[in-house]
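A.B. asks: Take this structure first; my questions come after.
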Amino acid sequence: MQDQPQATLLIEAVRQHLASQVLPTIAEPRLRFQTLVAANVLDIVVRELTLAEPFSAAEWARLADLLAVPGTMPANAAQRDAALAGLNAALCQAIEAGAFDEPAAWSRLLAHCQQTAIEKLQIANPAYLQRLQAEYKTKQPHPTLERL
């Protein structure tokens, strides 16, 4: 791990170079599209590096609460991802078993799913999330989608 520059700053510098120096010189449509995709991937990586840990901690807390699972989230990223996958698999089994069929439990489950989807979109495509939020503010949203 280096002190300066941080990985996010290095990635942002590469993305900025692609967008400001390389992209304007590309006339071939396929190569231009692929370069835009590459720049977008770099944006996603920066958001992932910045947001993955707090979002994973929040998801862990929600899942542990829903499933009444004791313990703490592993600090190691690979172990954390594996543990989250295990909790999500356990959640699927609990849903299939009817553990969330009661209205109060269903409401808690829905809140978790909505928040998890919001957090994933904040990393993968925040512009799409903003469009969804704007759309639902101008329409009469379905009650379960009001949290967007």
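A.B. asks: With Arg62, Arg80 as the choices, which residue is touching an Asp or Glu at 6+ places or on another chain (Cβ under 9 Å) and of a type outside the set (A, V, I, L, M)?
C.D. replies: Going through Arg62, Arg80 in turn, just one is touching an Asp or Glu at 6+ places or on another chain (Cβ under 9 Å) and of a type outside the set (A, V, I, L, M): Arg80.
A.B. asks: Inside segment 58-148, counting only helices (runs of 4 or more DSSP H) that do not spill past its ends, which hold 3 or more residues that are free of Cβ contacts under 8 Å to residues at least 60 places away in the same chain, aliphatic (A, V, I, L, M) and loosely packed, with under 11 Cβ neighbours inside 10 Å?
C.D. replies: Details: elements: 77-96, 103-124, 126-138.
Passing ranges, in order: 77-96.
A.B. asks: Only residues that are surrounded by 12 or more Cβ atoms within 10 Å (Cβ to Cβ) and free of Cβ contacts under 8 Å to residues at least 24 places away in the same chain: list them for segment 14-32, please.
C.D. replies: Of the residues in segment 14-32, the ones surrounded by 12 or more Cβ atoms within 10 Å (Cβ to Cβ) are 14-19, 22-23, 26, 31-32.
Result: Gln16, His17, Ala19, Val22, Leu23, Ile26, Leu31, Arg32.
A.B. asks: Turning to a different aspect of this structure: Looking at Trp106, Trp60, which is the one that is under 14 Å from the mean Cα position of the chain (by Cα), of a type in the set (Phe, Trp, Tyr) and within 26 Å of Leu132 (Cβ to Cβ)?
C.D. replies: From the options Trp106, Trp60, the qualifying one is Trp60.
A.B. asks: Next question, about the same structure. Scan segment 33-43 for residues that are surrounded by 14 or more Cβ atoms within 10 Å (Cβ to Cβ) and either hydrophobic (A, V, I, L, M, F, W, C) or not in a helix (DSSP H, G or I) (or both) and jot them down.
C.D. replies: Across segment 33-43, the qualifying residues are Leu36, Ala38, Ala39, Leu42.
A.B. asks: If you don't mind, another one. Do we have any residue at all in segment 23-30 that's among the small types (Gly, Ala, Ser) and assigned to a helix (DSSP H, G or I)?
C.D. replies: Quick first cut of segment 23-30, residues among the small types (Gly, Ala, Ser) only: 27.
Filter once more, keeping what is assigned to a helix (DSSP H, G or I): none.
No, segment 23-30 contains no residue that is among the small types (Gly, Ala, Ser) and assigned to a helix (DSSP H, G or I).
All of the numbers you see were taken from the coordinates with simple rules; none came from a lab. Source: prediction; values computed, not measured. Reconstructed Cβ throughout: ideal geometry from the backbone, glycine too, with neighbour counts over all protein chains shown.
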